[in-house]
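Chemist: One structure, pasted below without further comment.
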Amino acid sequence: MPNNIAIKNKCSFIEIKREFYAPFFHLSNFSYYNNLVVNLHLQTKKIKNMKKIVQFSLVLLISILNINCTNNKPAKDQSSSGQIMVISPVDFKSKSVNQTIIDIRTPGEYRDGYIDGAVNINFYDRNFLEQVSKFDKEQPIFIYCRSGNRTSSASRKLNKYGFKLVYDLDGGIKNWKRANNKIIK
């Protein structure tokens, strides 16, 4: 008899266990939990893929910015018809002796002071290229402006027009003054 009681107690314990765990093992609940696991796995994959996409996008953005930042103003530019050399005030002073020097600033700026020997041809004039065409395209030409912004555009324009060698004063007349060079007023 004691064996029967023990068996009966074991069975009721098993039945209690079954009743407690039954909702988890019911077929419809199993597919629900299985779907949860599958969805969780898919969400994890999506997050990993999104991380990869974000990382790739950041690397691409940084690369593009790096290329743009390093190509702002090259010291030497080779175009199809000639060369543009951006040079320091010291080099400009030594190389421009007995050469053509063009101040491309406005006449008002020119009157405030200019480099000795410079001819004023306003870059903003409609006939800028016509005025510059008086000079020999085979000889080097030296140009400057106030700060160096206009000369980068003018250099390319002169190069396309056929000038073989264009020297551009780095930093313009402002940089020339900073280097304690003489200005004619």
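The values are calculated or read from the model by the stated rules, or taken from the named source; none is laboratory data. A quick note: this is a predicted structure, and the numbers were derived from the prediction, not measured. We place every Cβ from the backbone using ideal geometry, glycine too, and count neighbours over all the protein chains shown.
Chemist: Those residues that are in a helix (DSSP H, G or I) and touching a residue at least 12 places away in the same chain (Cβ under 8 Å), I need them from the stretch 112-137; list them, please.
Modeler: Of everything in the stretch 112-137, those that are in a helix (DSSP H, G or I) and touching a residue at least 12 places away in the same chain (Cβ under 8 Å) turn out to be PHE128, LEU129, VAL132.
Chemist: Another question, if that's okay. Of all residues in the stretch 129-151 being surrounded by fewer than 17 Cβ atoms within 10 Å (Cβ to Cβ) and among the small types (Gly, Ala, Ser), which is farthest from LYS93 (Cα to Cα)?
Modeler: Per the stated criteria, the residue is SER133.
Chemist: Every residue in the stretch 80-111 that is at pLDDT 95 or above, in contact with a helix residue (DSSP H, G or I) (Cβ under 7 Å, 6 or more places away or on another chain) and part of a loop (DSSP other than H, G, I, E, B), please.
Modeler: Answer for the stretch 80-111, where residues must be at pLDDT 95 or above, in contact with a helix residue (DSSP H, G or I) (Cβ under 7 Å, 6 or more places away or on another chain) and part of a loop (DSSP other than H, G, I, E, B): just ILE104.
Chemist: Has the stretch 139-147 got any residue that is out of contact with any helix residue (DSSP H, G or I) (no Cβ under 6 Å at 6 or more places or on another chain) and part of a loop (DSSP other than H, G, I, E, B)?
Modeler: Yes.
Chemist: Just give me the residues in the stretch 169-185 being loosely packed, with under 14 Cβ neighbours inside 10 Å and part of a loop (DSSP other than H, G, I, E, B), in sequence order.
Modeler: Result: ALA179, ASN180, LYS182, ILE183, LYS185.
Chemist: Please give the number of the condition PHE163 fails out of (1) in contact (Cβ under 8 Å) with a residue 40 or more places away in the chain; (2) of a type outside the set (S, T, N, Q); (3) not in a loop (DSSP other than H, G, I, E, B).
Modeler: Every listed condition holds for PHE163 apart from (3).
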